[in-house]
Amino acid sequence: MLVGQSREILAMETFLVALGSSFLGGILSPLVLAWLQHRLIWRTQKTAEARKTVFDEAVNAIGMFEADAQKQPVTFRQETTDRMQKALALVEACFSPEAFNALTQYTKRDLSKGPSAELNRLRTTAIKTMATELGLNFSG
């Protein structure tokens, strides 16, 4: 009788271990994986997408700025001024101080004689600085 009870206890222990393993493997693991995926992948992806949107806004504002700078005397449309101010604020919030300074230097360039090689250099520096921080490579 004692041997029969030992087998029953062993079978019960085996069943409980299998049940616990099933719970951990089937329920707990996917929950932990989903949490890790949210924390590590989703947030990183959303941050990258937000920064890319800021980059796109800044490039759009630069394009409007350059289009308005072609006119003599140089006058900026209100929409251009608004977009550039928005771009500056977003770049300052989402990118490094170097990227913000590059864009600021570009916008503060004297345009009384229209666009120049210096303005082109500052534009390229601003865009490349932001692009590099995004992991985009435009050199070549």
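For the structure I just gave you, tell me whether Val59 is within 18 Å of Ala126 (Cα to Cα) and surrounded by 12 or more Cβ atoms within 10 Å (Cβ to Cβ).
Against the criterion (within 18 Å of Ala126 (Cα to Cα) and surrounded by 12 or more Cβ atoms within 10 Å (Cβ to Cβ)), Val59 qualifies.
Of the residues Arg83, Arg39, Arg7, only one is part of a helix (DSSP H, G or I), of a type in the set (Lys, Arg) and closer than 30 Å to Leu111 by Cα; which?
Arg83
Restricting the search to segment 90-125, which residues are modelled with pLDDT under 90 and among the acidic types (Asp, Glu)?
Once the filter is applied, which keeps residues that are modelled with pLDDT under 90 and among the acidic types (Asp, Glu), segment 90-125 yields only Asp110.
Is it the case that segment 46-58 has a residue that's in contact (Cβ under 8 Å) with a residue 24 or more places away in the chain, in a helix (DSSP H, G or I) and over 28 Å from Gly135 (Cα atoms)?
no
The values are calculated or read from the model by the stated rules, or taken from the named source; none is laboratory data. Only a predicted model underlies this, so the values are computations on that prediction, with no experimental measurement involved. Cβ coordinates were reconstructed from backbone atoms using ideal geometry, including for glycine residues, and neighbour counts include every protein chain displayed.
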